[in-house]
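Okay, so here's the structure we're looking at.
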Amino acid sequence: MRKLDQILEKKAVILLGIESSCDDTSMAVLVDGVVASNVTYNQAIHAKYGGVIPEWASRKHMEAVVPVFEEAMKNANCQLKDLDGIAVTRGPGLMGSLVVGLCFAKGLSLSLDIPLIEVNHLEAHVLSLLIEDPRPSFPFLCLTVSGGHTQLVVVKDYDQLEVIGKTLDDAAGEAFDKTGKLLGLTYPAGPEMDKLADLGQPIFKFPVSKMKELDYSFSGLKTSVLYFLQDRLKEDPSFIHNHLNDLCASIQHTIVEILCHQLLKASAQTGIKQIGIAGGVSANSGLRKKIRSLAEINGWEVFMPRMEYCTDNAAMIAMGGYHKWKKGIFSEDDIEPLARMPIGT
Ligand code: KG4
Ligand code: ZN
């Protein structure tokens, strides 16, 4: 591999991580596995459309990619010549978004003559638990809950991840975003629902879907919230306005119950008591509180990333790249982005 001998002689390994799979443009510099900078630009434009518009997402990535790169390098006090490799999200994600980050990564890798390292976005979310202390040891169980995915993953090693349960329809983040849209909240509704839920009580009951195996389903919740609201609005047109906090608390409570029901089963089935959560929804205060209380009852040791590392970020991509780097696993220059990229591929 290119320049590898010279690079391995250097004391510190300095990697640039690049993430652009959805609507966040993020870059991070990692020095010997320690985050030196992590800069994330979130595209606010999607809020007014109620969801991510793929065409806008790729255009905004193109605008942001250079300024975010310059800021990440400046914050880490890093120069181009210092970089030893480029770790980049190859998938899964939106093709138009992925292609911007990947092209930028290929350009840097070719011009600097340093390795390109592809990283699976979902594996990186799991590895966000290993960015800083306290870190779980292997094996641990990770509940990855984001806008696009909901998965239960047994993590035996950096490159040995087994999905033992997943959503069959909507992801947990989508459940927050779609029910939030019914309440008139701005996209993405998860963070706002979290804040409003804190001011209310879960007095409205919605069905908690309980799947037989370790899979999840959230589409029933969205439908039941829709019918419930249609019913109540007939009697009281201000129902949502008058009960917004309690509605948020009730929906959040239901999503958290669904998530934790399967997590408990997964821990019992695998016998694993080191439990981590990752992905955007792992920032949810109701979920974090519930998992902490379950930890006390079940003797779990729980791990939750700092907020900055819950939602999409390049530090987790750089971390995924670092473990491949140490094994000398590099990518060809002509790899293409993958909209679908299951864990382990
Ligand atoms: O991991 P992420 O940044 O992007 C994906 O890979 O999807 O997750 C974004 C999702 C959105 O659905 C957003 O509503 C949700 O994470 N989210 C939250 C919170 N913060 C972000 N959901 C509930 N409570 C939060 N505090
Ligand atoms: Zn993500």
Residues satisfying the stated conditions in region 265-290, i.e. within 14 Å of ligand 2 (Cβ to nearest atom) and polar (S, T, N, Q): 282
Of everything in region 305-327, what is within 12 Å of ligand 1 (Cβ to nearest atom) and outside any helix (DSSP H, G or I)? Give them in sequence order. 305, 311, 312, 313
Tell me which of these residue 79 doesn't satisfy, since it passes every other one: (1) on the phi < 0 side of the Ramachandran plot; (2) touching a residue at least 24 places away in the same chain (Cβ under 8 Å); (3) away from ligand 2 (no atom under 15 Å from the Cβ). (2)
What pairs come out if I take residues in region 87-107 that are outside any helix (DSSP H, G or I) and pair them with residues that are open to solvent by 20 Å² or more (accessible area, probe 1.4 Å) and of a type in the set (Val, Ile, Thr) whose C-beta lies under 8 Å away, six or more apart or interchain? 94/52
Enumeration of residues in region 192-212 that are surrounded by fewer than 16 Cβ atoms within 10 Å (Cβ to Cβ) and modelled with pLDDT of 95 or more: 195, 198, 199, 201, 203, 205
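Within region 84-113, how many residues are within 13 Å of residue 321 (Cα to Cα) and either more than 16 Å from ligand 2 (Cβ to nearest atom) or open to solvent by 40 Å² or more (accessible area, probe 1.4 Å) (or both)?
5
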Condition first: surrounded by 18 or more Cβ atoms within 10 Å (Cβ to Cβ) and among the aromatic types (Phe, Trp, Tyr). Can you find one or more residues in region 43-62 that meet it? no
Looking only at residues in region 264-273 that are closer than 28 Å to residue 91 by Cβ and either among the small types (Gly, Ala, Ser) or outside any helix (DSSP H, G or I) (or both), which one is most open to solvent (accessible area, probe 1.4 Å)? 272
Restricting region 121-153 to residues that are part of a strand (DSSP E or B), open to solvent by less than 10 Å² (accessible area, probe 1.4 Å) and more than 11 Å from ligand 2 (Cβ to nearest atom), the residue that is nearest to residue 287 (Cα to Cα): 143
For region 294-312, does any single residue satisfy the condition of being surrounded by fewer than 22 Cβ atoms within 10 Å (Cβ to Cβ), of a type in the set (Ser, Thr, Tyr) and at negative phi? no
Any chance residue 181 is open to solvent by 50 Å² or more (accessible area, probe 1.4 Å), within 16 Å of ligand 2 (Cβ to nearest atom) and either outside any helix (DSSP H, G or I) or within 30 Å of residue 242 (Cβ to Cβ) (or both): no
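For (1) surrounded by fewer than 21 Cβ atoms within 10 Å (Cβ to Cβ); (2) in a helix (DSSP H, G or I); (3) free of Cβ contacts under 8 Å to residues at least 60 places away in the same chain, each residue gets a yes or a no:
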site: 229; (1), (2), (3): yes, yes, yes
site: 244; (1), (2), (3): yes, yes, no
site: 247; (1), (2), (3): no, yes, no
site: 262; (1), (2), (3): no, yes, no
site: 282; (1), (2), (3): no, yes, no
site: 292; (1), (2), (3): yes, yes, yes
site: 337; (1), (2), (3): no, no, no
site: 345; (1), (2), (3): yes, no, no
Give me the residue from region 158-178 that is more than 18 Å from residue 258 (Cα to Cα) and not in a loop (DSSP other than H, G, I, E, B) and, out of that set, farthest from ligand 1 (Cβ to nearest atom). 160
Of all residues in region 203-227, which are assigned to a helix (DSSP H, G or I), within 24 Å of the chain's Cα centre (by Cα) and of a type in the set (Ser, Thr, Tyr)? 219
Checking residue 121 against (1) over 17 Å from the mean Cα position of the chain (by Cα); (2) at negative phi, the condition it does not meet: (1)
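The values are calculated or read from the model by the stated rules, or taken from the named source; none is laboratory data. This one's a predicted model, so the numbers in the text were calculated from it and none came from an experiment. Methodologically, a virtual Cβ is constructed for each residue, glycine included, from the backbone with ideal geometry; neighbour enumeration extends over all protein chains shown. Each accessible area value is taken on the protein alone, full model and side chains, heavy atoms only, with ligands, DNA and RNA left out. Shrake-Rupley method; radii C 1.70, N 1.55, O 1.52, S 1.80 Å.
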